[in-house]
Amino acid sequence: MSVLEVRDLSKSFAIGGALRRQHVHAVEDVSFSLRPGTITALVGESGSGKSTVARLIARLYDPSSGAVLFGEEDVARVRRRKDVLRYRSQVQLIFQDPFGSLNPVKTVRHHIARPLRIHDIVPSSQVEQRVHELLETVGLVPAQEVADKYPHELSGGQRQRVAIARALAVEPKVVLADEPTSMLDVSIRIGILNLMLKLKDERDIAFLYVTHDIASARYIADDILVMYAGQIVERGPVEQVLADPLHPYTRLLLAAVHGERIADRGSGASAAVDPVEGCRFVSRCPLAIPVCSEVTPELVEARPQQAARCHVTAPAT
């Protein structure tokens, strides 16, 4: 059973001046669901639209169309501050840059205590104790010493753990982790990934893990969504998809992990600008046939639980 469902979500942005107005279709007809105690990886290169999806779910952007269903309510249409605040206490966003997301003149204690007080999670007399418990949960000990520190006194990995502790303070059901390890040293990344695995099991949290790193997605995720030029081009159980991918773009991402040289034939970001009918990956695709330039492929379940948007490997019937 899903805790949050994204249904036909779309978002476009106007670019250029009045004489040459264009629109970037950053997210187009994206649908998926997040289940408690699982991690869903949203994978794609820069400009694919994956971070926009996370911001739409977090209510930092309003969608052009589509719905974000949390319980029985379409939270994409909620406007009252009280209702938005209640939703955000259940759906938390962890940003890519842990230093940029923390106030440099406030202590760690302040960052974690503030959401506890805003959302009345515990009585005032118990705030300090809960701050220490949360720091211990994310592996920051001794908690009392860490609570007194400022962000600049911590390493990048420690700052990201503080950001995770702050997100956990409001006892969320969903955590949106937007490239949470991309600004960290390689040796530190595995610790953050293991912490996410621990939290999904212990707290039954539904994670959306946004990343460009398909190798870390394989390590941490239960399900995978591959995104290109604003569209989901492949989805399914992570081991199944990565063992035998259907879409040529998924195969390209895997080839890059294995060190193969990839020809540069454009990017998903440019393909999302005023897209015409046809497959957005066609200029980079080794499998392209004439119909690929003429008809936009549908997302078709070509194997049990595994769907792709490709005329060749997942043709519509």
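Rolling a 1.4 Å probe over the protein chains gives Glu128 an accessible area of about 70 Å².
Pairwise inverse Cα distances across the chain, averaged and inverted, put the Kirkwood hydrodynamic radius at 20.6 Å. Measuring with a 1.4 angstrom probe and ignoring ligands and nucleic acids, His119 comes out at about 50 Å² accessible. Treating each Cα of region 77-211 as one equal point scatterer and applying the Debye formula with no solvent, the log10 of I(q)/I(0) at q = 0.13 Å⁻¹ comes out as -0.52.
Ordered by 1.4 Å accessible area with all protein chains kept, Phe70, Phe99 run largest first as Phe99, Phe70. If you look at the Cα atoms of region 1-55, you get an Rg and a Dmax of 14.3, 50 Å. Beta-bridge orientation, the chain: approximately 60 percent antiparallel, per DSSP, counting only bridges with both partners inside. In straight-distance terms, cross-link reach from Lys82 covers every one of the lysines whose alpha-carbon lies under 24 Å from its own, apart from those fewer than eight places away in the same chain; here that gives Lys173. For Val300, the accessible area of its heavy atoms, probed at 1.4 Å with every protein chain present, is near 30 square angstrom.
Taken along its principal axes, the alpha carbon cloud of region 200-317 reaches lengths of 49, 34, 27 Å, longest axis first.
Ordered from longest to shortest, the equivalent ellipsoid semi-axes for region 74-136 are 23, 17, 10 Å, each the square root of 5 times a Cα gyration tensor eigenvalue.
Across the protein chains, with a 1.4 Å probe defining accessible surface, the residues Ser65, Ser293, Ser48 rank Ser293, Ser65, Ser48 from largest area downward. Projecting label points 7 angstrom from Cα along Cα→Cβ for Asp8 and Arg86 puts them 2.7 nm apart.
Here the dipole of the chain is about 860 debye; that uses its Cα centre as origin and unit charges on the Cβ of Lys and Arg (positive) and Asp and Glu (negative). A 1.4 Å probe run over region 150-199, with the rest of the protein chains in place, finds 36 Å² accessible per residue. Every pair of different Cα atoms in region 164-260 enters the Kirkwood calculation, which places the hydrodynamic radius at 14.5 Å.
Positive-end ranking of Ser155, Pro245, Ala206 along the dipole of the chain, with charges on Cβ about the Cα centre, is headed by Ser155.
With the other protein chains left in place, how much accessible area per residue, in square angstrom, belongs to region 72-145 at a 1.4 angstrom probe? The partial results should precede the final answer.
Working: 4380 Å² over 74 residues.
Heavy-atom accessible area per residue stands at 59 Å².
For the chain, with all protein chains in place and a probe radius of 1.4 Å, 49% of the accessible heavy-atom surface sits on carbon or sulfur. Measuring max minus min along each principal axis, the C-alpha atoms of region 1-160 give extents of 55, 36, 30 Å (largest first). One decimal place: the segment Glu298-Arg20 gains 97.1 nm when fully extended, by the rule 0.36 nm per residue minus the C-alpha distance. Taking 0.36 nm per residue of separation and subtracting the current Cα-Cα distance, fully stretching the chain between Glu128 and Asp97 would add 8.6 nm.
The values are calculated or read from the model by the stated rules, or taken from the named source; none is laboratory data. Just so it is clear, the structure is predicted and the values come from calculations on it, not from any experiment. Cβ coordinates were reconstructed from backbone atoms using ideal geometry, including for glycine residues, and neighbour counts include every protein chain displayed. Surface accessibility is based on the protein's heavy atoms, side chains included, excluding ligands, DNA and RNA. Shrake-Rupley method; radii C 1.70, N 1.55, O 1.52, S 1.80 Å.
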